[in-house]
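Here is the structure we will look at, set down as structure tokens.
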Amino acid sequence: MRYFSKAMLVASAALCLNLSAYSQDISLKINNVTVKEAMERVKKDTGYSFVFSSKDVNTSKRVSVSVSDASIEEVIKQILKGQQGLDYEIQGKKIVLRKTQPVVKQLKSEDNKVIGKITDNNGEPIIGATILEKGTTNGTVSDFDGNFSLNVSRNGELEISYVGYQTQTIKATSGKLLSVKMKEDSELLEEVVVVGYGVQKKVNLTGAVSSIDYASQVDKRPIINVGTSLAGMSAGLQVTQGSGRPGDDNATIRVRGNTSLNSNAPLVIVDGMECDLGSLNPNDIASISVLKDAGSTAIYGSRAANGVILVTTKNGSEEKTTVNYSFSGIVQKAYTNIETVNDYSRYMSLVNEACDNIGTNRIFSDYNIEKWAEAAQNPYGLADNGLPNYMVYPNTNWFDELFSTGFSQEHNLSISGGSKKVRYLVSAGYLDNRGVISAYGVNSGIKKMNFRANVEANPFNWLKVGTRIFGQYKDKGMANIDNAFKYLYITTPGIYVGEPNKWGMIANEAEESIGANNIMRSMYGSDGYDKNYNINGTFYGAITPFKGLSIEAKANMVAGFGYKSSYGRPNGDWNYNTNEVHSTTSLENAKITNSTNKSLTVNTELLARYNTDFNNSDHDLGVLFGYTTTHYESSNFNVQKQGATDWTLNELSTYELLINSGSGFGEWALRSYFGRANYVFKDRYLFEANLRIDGSSRFAKESRYGYFPSLSAGWRISEENFMKKFSNLSNLKIRASWGQMGNNASGNYDWQALYSPVNVVIGGNPVKGIAQTTLSNSLLQWERTTTTNLGIDFGLWGNKLSGSLDVYNKYTDGILYKPSLYLTMGTIGASTQNLAEIRNRGIEFSLTYNDKIGEDFSFSVTTNWGFNKNKVMKFKGKLEEYWTYDKDGNKDQYFTNKGEVTQGGFGGLICEGHELGETSMRFPYNGTGAGYSGEGTVDPNAGPKDGMIRTEADMEWVKAMMDAGYKFNGKNSVGKDKLWYGDLIYQDINGDGNYGDGNDFAFTGHSNIPAVNAGLNASFEWKGIDFSMLWVAALGFHLNWNNVWNRSIASHGQALALHVADDHYFYDPDKPDDPRTNINGKYPRYTFGTGYDNTITSTWYEYRGDYLKLKNIQLGYSLPKRYINKILLSKLRLFVSMDNILTITNYPGQDPEAGVDIKYPLMTQVTFGLQASF
């Protein structure tokens, strides 16, 4: 019977007949409406939908329909009256329309016989597709398996068409099987985008929303962390990863910049409820929407000032049960380029050089320097104590010891399916990420287990119920990573690593600092566990009392539990000079610290929606009303004891002495009312209005509620009749929005006076009491961000090329800030106040091109760019810096209020009239280099060209300046321990004659916040092979790398950076022929213990942080179905993927994305994996 049905469909297509197999008594009367409006009316009244290619049907033609108790066929005929050359076919509730294609007898030539197969996007055969030789009437149709054969002329081309799909033109190649995959092209299949509390057609959006097909991203590359994977995916979305440590590798995400002095993190909503991105399994996500302007975010009110990220997880379908499994095996290496001086003899010589440079006694003897150099020539030779030289005379590379090759694995399994009544998806995931610090039993990794169950049922047509439950378990390694990077520079190569409980100590005891650390020992000292459990459950139901009205209710609970125990273990060290124990760890001093934390969030939500259209569908109206509540509470407890009974007993009760204990509790609540109205007129004029009212427990009753409105509108110009002549223009829409959002980023109790326990003396006796520690402010209010957005969306050539452009202005006022108080107020803390204002302005642009070349090769390229610049409009007052003058017009006093009106933050200063975090520094002196001839008045502009005293001529100029009364940061004489060769001098910004003093700081116009963030995502597919790559760029920011890793300071017991050692200044005027002389050195002279003026804050250490990164590149291959179907598989894909493999930058530090601090580096990863479906 099935074969017969397929055969009938083939015959129907071949003969271009319309089988009216469906009938329904229909009564309909509409007058003088467009074809499109008539089709929509039919869909509304009967449920029948029309599917067609827009170029085949004139939907603007006006028609009238008048039938009573008629069949659907009669209705179709009246709607299509006057449209020539159209066929239709009824498939279930779909009416597919297509142009009549004449099929004539084929050519007889067998020399150019072409055979092929036509399939849809899912690989299923398309029955009855029309195949025509281009420019002729020679053609055929595909059979019930999608196969066809056709004799064609030499060098001919085939045009392949089918209703609801794009027509394709391919070269007619004989002698091989042509495989043609058709792409859908239907007005029914309009893209929808997830927005706040619902979905909207993309063409009807009036807000700035970026939609990310996340499921396809997971298919293209292995993703461990959701947040970091969003880099380069959306214009206006800045994603940076500051650490590569497993478990602490969550990204910092900003949507259109920083709008507050407090939290700038966007609100994350998962399936309608607030959630943490880090708790999600990337493989469970279907799509992500980024809401950026007020038109799209105001529906979330007080939590939306920093943008909203909406995550939709996968659901089951009505199709057969599908099992998906994926595996990833990951090899990791530390992504770092920092090296230290690892040759201890050279290290000692450089430290001695630093001592000579300031005229102090040397630290290390020539004997030890020579002894280490000699031993280094034969590291495996035996020292006098019988141990190898590399143990007794170590030259340890601590970076090599710290970082090793990491191995990780990830498994994901999901089962989905269902029926018309019930749909389900169940998934589980396991990740074992060991990280790159794992030597000697150190555990810096993490293990994660995720599970999810999404179940939805429709027991009745008017009722839908469901649940979404997911959870996560994390087991984090206990390695003291903070200690490792804290002490990484407080060490020397003259310490042998050793092994657990026999760690190497300082080899050169007589001369080396006792403060030098064995890095591995500092990490290894504690053991224990750090386990976290999270569960998130949502139960929901929806009823549809009548058409257009839906009432929905949700209840959600999020519970988190954390248990941590840290206890000591044997961690002694060994003297490899004497080959005996140096020290052991005593049980008496061993400590244990146990802590627990718990949190519970309860959310409820009630929604009512109504959607309708009227006046022949000219008017489309949708309204939404909602009510939500959120209640959050958290508690924690910790206790510390000392004195272990035995190293194997690690329970709290086995330790003797209570050292410390503490606890805490926090709570807040939010109640919200909101509504939205959407109106569409004639599918081209779009309007939307939102209002949300939020009440927060973080504010006093009189100022508890905030009101957050928005208005937006759009005009689909491409739908106007006067635009129809531009046939290549498939979409053109302009849109505008205005609205306000809030931020309740204050503490839970900031509006109240706070009290703390204190010890007091009353009547000569100590008494426990309480005292007020913070002032109250009952007038505390919401931060409020007002946003205006103008945008344009466009598409060309059937949306092969599509893009958008947005321009926006965000202004935040009432920013919450706690100012400092005068000392006359005592020790009491200030209350939080609404003080500051910040403006953000920017432009965003995105462009996508999708196309196909031939029958097998398809490709896609997407790029997005976002420019953002902020400015502090109000803070603690305007910055004023000026001179006062005496009665004779001479400079008297220099006034500056910088200390009163600025505050450190965002990597620089917060100051009214400047960018957030704009740096204020000294500027290196830049003169002509002419020097001083010894005659006449010294020229203040004739000093060193780059600000470093390099030559004797430079020194003579400095001396002449001092003789003339000038100073250099207060110094009026030269000397090795004052101002000397290889030192920096700075500009006299305020003109007081003291070059580089505290009044010579000036704003640079730079910050560490990128002004431009960009992404490029490119991919192609060819005969089962798929390739993709992702580039990200950050431009327009600077990093001030002025820390121990980039300074020419040699301190006793501290590391020396190799790049400084290789290119630092050296000149001894008493020995100008010294082979170490390097007057063109990039870095200042080495000095011992202090950097003098060479390390003060200045632009000397400022670098452009701009970078271009190849974030990911992947190659995959999907095995042909004809092979894998034999082993019951519907998909089997093998792939190799690489992450963080290339960074193009001029920044010399570790990684410009991670900033200037040396910490757990980002990781270069190579992943091998497979994806299989059953």
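The values are calculated or read from the model by the stated rules, or taken from the named source; none is laboratory data. What you are looking at is a predicted structure, and each value in this text was computed from that prediction instead of being measured. Virtual Cβ from ideal backbone geometry, glycine too; neighbours counted across all protein chains shown.
The lone criterion from (1) surrounded by fewer than 18 Cβ atoms within 10 Å (Cβ to Cβ); (2) in contact with a Phe, Trp or Tyr (Cβ under 8 Å, 6 or more places away or on another chain) left unmet by G739 is number (1).
Restricting attention to the range 808-827, the residues that are exposed (fewer than 14 other Cβ atoms within 10 Å of the Cβ) and on the phi < 0 side of the Ramachandran plot total 7.
Restricting attention to the range 314-343, the residues that are within 20 Å of S279 (Cβ to Cβ) and buried (at least 22 other Cβ atoms within 10 Å of the Cβ) total 1. Quick check: anything in the range 546-565 aliphatic (A, V, I, L, M), in contact with a Gly (Cβ under 7 Å, 6 or more places away or on another chain) and surrounded by fewer than 18 Cβ atoms within 10 Å (Cβ to Cβ)? There is at least one residue in the range 546-565 that is aliphatic (A, V, I, L, M), in contact with a Gly (Cβ under 7 Å, 6 or more places away or on another chain) and surrounded by fewer than 18 Cβ atoms within 10 Å (Cβ to Cβ). Taking L686, is it closer than 29 Å to I734 by Cβ and buried (at least 18 other Cβ atoms within 10 Å of the Cβ)? The answer is yes for L686. Mind checking which pairs have a first residue in the range 422-440 that is of a type in the set (S, T, Y) and a second that is buried (at least 19 other Cβ atoms within 10 Å of the Cβ), Cβ under 6 Å, 6 or more apart or different chains? If the second residue must be buried (at least 19 other Cβ atoms within 10 Å of the Cβ), the pairs left are Y424/G316; Y424/G418; S427/D284; S427/S414; S427/R452; Y440/M520. Pairs linking a residue in the range 139-163 that is part of a loop (DSSP other than H, G, I, E, B) to a residue that is basic (K, R) and buried (at least 24 other Cβ atoms within 10 Å of the Cβ), with Cβ atoms under 6 Å and 6 or more positions apart or on different chains, are V163/R98.
On the basis of being polar (S, T, N, Q), at pLDDT 95 or above and in contact with a strand residue (DSSP E or B) (Cβ under 6 Å, 6 or more places away or on another chain), does N638 make the cut? So N638 passes the test. Report yes if N1017 is crowded, with 19+ Cβ neighbours inside 10 Å and part of a loop (DSSP other than H, G, I, E, B), otherwise no. Here the answer is no, as N1017 does not meet what is asked. Scanning the range 1135-1173 for residues that are closer than 29 Å to F327 by Cα, surrounded by fewer than 21 Cβ atoms within 10 Å (Cβ to Cβ) and of a type in the set (S, T, Y) gives T1143, T1164, S1173. Scanning the range 49-68 for residues that are among the charged types (D, E, K, R) and modelled with pLDDT under 80 turns up K55, D56. When L1128 is tested against (1) touching a helix residue (DSSP H, G or I) at 6+ places or on another chain (Cβ under 8 Å); (2) modelled with pLDDT under 90; (3) among the hydrophobic types (A, V, I, L, M, F, W, C), exactly one condition is not met: (1). Only residues that are surrounded by 12 or more Cβ atoms within 10 Å (Cβ to Cβ) and either touching a Pro at 6+ places or on another chain (Cβ under 7 Å) or at pLDDT 65 or above (or both) were counted across the range 101-127, and they come to 13.
For L835, indicate whether it is under 23 Å from G742 (Cβ atoms) and either assigned to a helix (DSSP H, G or I) or touching a Pro at 6+ places or on another chain (Cβ under 8 Å) (or both). Against the criterion (under 23 Å from G742 (Cβ atoms) and either assigned to a helix (DSSP H, G or I) or touching a Pro at 6+ places or on another chain (Cβ under 8 Å) (or both)), L835 qualifies. Mind listing whichever residues of the range 482-509 are in contact with an Asp or Glu (Cβ under 9 Å, 6 or more places away or on another chain) and either surrounded by 22 or more Cβ atoms within 10 Å (Cβ to Cβ) or not β-branched (V, I, T) (or both)? Within the range 482-509, F485, T492, P493, G494, I495, G498, N501, K502, W503, G504, M505, I506 meet the criteria.
Checking each residue in the range 1083-1094 for being modelled with pLDDT of 95 or more and either farther than 18 Å from R950 by Cβ or part of a strand (DSSP E or B) (or both) picks out Y1083, T1087, F1088. Is one or more of the residues making up the range 757-765 more than 36 Å from the chain's Cα centre (by Cα), in contact (Cβ under 8 Å) with a residue 12 or more places away in the chain and over 21 Å from L686 (Cα atoms)? Scanning the range 757-765, I find at least one residue that is more than 36 Å from the chain's Cα centre (by Cα), in contact (Cβ under 8 Å) with a residue 12 or more places away in the chain and over 21 Å from L686 (Cα atoms), so the answer is yes. Regarding the range 715-727, can at least one residue be identified that is crowded, with 17+ Cβ neighbours inside 10 Å, under 30 Å from T259 (Cα atoms) and in contact with a helix residue (DSSP H, G or I) (Cβ under 9 Å, 6 or more places away or on another chain)? Looking through the range 715-727, none of the residues is crowded, with 17+ Cβ neighbours inside 10 Å, under 30 Å from T259 (Cα atoms) and in contact with a helix residue (DSSP H, G or I) (Cβ under 9 Å, 6 or more places away or on another chain).
Tell me, yes or no, whether the range 1101-1124 has at least one residue that is part of a strand (DSSP E or B), more than 16 Å from I330 (Cβ to Cβ) and among the acidic types (D, E). Yes - at least one qualifying residue is present in the range 1101-1124.
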